[in-house]
Amino acid sequence: SRRENLLRAYHHEMPEWIPVIGMVDNYQVPVGLEDQLGSELNLVTFSRFFGLDIVERYEEVRYEKMGEFRRYATAIVKEIHRNVRVSNRREGGRLYRTWETPYGEIRTTFETVNYRSSDSRDAATEFPIEYPIKSRKDLRAFASIFEDLEYEVDPIGVEGLRQRIGEIGDDGITLVWCPSTPLGMCVRYYMGVETLAYCNHDFRSELERVLE
């Protein structure tokens with residue numbers, strides 16, 4: 001089956017054929033297939049139409065239907081804080097996220113940019129314009145966020161994933177989202193390249209303890 005062949009490739013074994021997969025999400029939206037696939041244009045229907053292997057990312061946010069920007073799936077795992085207070089506040093096109101920790105308060109800010117997608121839909125993307133780690137003094141407070149973090153399995157999310165695996169069947173596999181590596185997240189969301197470079201040069205041992 002396609003599923004077995006994909007798993008061989010992921011396990012570094014010789015597959016019977018080279019897997020070929022497509023991508024349909026908020027950024028890769030095929031156009032001109034509405035007559036063939038109707039409103040149910042998603043990764044699974046797209047892949048089956050072209051005879052492709054299916055590798056779907058099961059995420060909290062997933063593009064699902066033509067004419068809809070996003071459909072929200074329930075997360076499989078909940079993040080729970082006992083001693084750190086997390087708050088989100090949106091003003092206009094900006095999202096402010098604040099962590100109140102035993103070692104001080106830190107904040108990050110995301111900017112939302114609206115644009116017209118390739119199929120003329122209203123779309124949006126978010127990117128950080130203020131990183132939570134701005135200097136050495138923020139390292140201890142930031143580390144305490146993850147020291148305080150606990151995870152709890154959400155049965156609703158697990159059931160949603162189980163149903164999605166059943167829909168795909170032997171035509172492919174489903175991947176569960178996870179963050180990038182700690183270093184990658186520092187570059188993209190936690191610190192930015194400049195602050196990371198300075199911390200790595202001036203306070204490497206403290207930075208390494210945070211990443212651990």
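Residues 172, 160: which one is open to solvent by less than 30 Å² (accessible area, probe 1.4 Å) and in contact with a Lys or Arg (Cβ under 6 Å, 6 or more places away or on another chain)? Please lay out each step first, then the result.
Numbers: 160 fails: in contact with a Lys or Arg (Cβ under 6 Å, 6 or more places away or on another chain).
Step by step, each of 172, 160 is checked, and only 172 is open to solvent by less than 30 Å² (accessible area, probe 1.4 Å) and in contact with a Lys or Arg (Cβ under 6 Å, 6 or more places away or on another chain).
For residue 184, state whether it is open to solvent by less than 30 Å² (accessible area, probe 1.4 Å), over 21 Å from residue 86 (Cα atoms), of a type in the set (Gly, Ala, Ser) and in contact with a strand residue (DSSP E or B) (Cβ under 9 Å, 6 or more places away or on another chain). Before the answer, list the steps.
Details: open to solvent by less than 30 Å² (accessible area, probe 1.4 Å): yes; over 21 Å from residue 86 (Cα atoms): yes; of a type in the set (Gly, Ala, Ser): yes; in contact with a strand residue (DSSP E or B) (Cβ under 9 Å, 6 or more places away or on another chain): no.
In short, no.
Among the residues of the stretch 87-100, is there at least one that is open to solvent by 40 Å² or more (accessible area, probe 1.4 Å) and aromatic (Phe, Trp, Tyr)? Even if it seems obvious, please write down each step before you answer.
Narrowing the stretch 87-100 to residues open to solvent by 40 Å² or more (accessible area, probe 1.4 Å): 88-92, 94, 97, 100.
When the remaining residues are screened for being aromatic (Phe, Trp, Tyr), the result is none.
Scanning the stretch 87-100 turns up no residue that is open to solvent by 40 Å² or more (accessible area, probe 1.4 Å) and aromatic (Phe, Trp, Tyr).
The values are calculated or read from the model by the stated rules, or taken from the named source; none is laboratory data. All figures in this text were calculated on a predicted structure; none of them were measured in a lab. Because the Cβ atoms are built from the backbone with ideal geometry, glycine has one as well, and the counts that use them run over all protein chains shown. The area values use the complete protein model at the heavy-atom level, side chains included, leaving out ligands, DNA and RNA. Shrake-Rupley method; radii C 1.70, N 1.55, O 1.52, S 1.80 Å.
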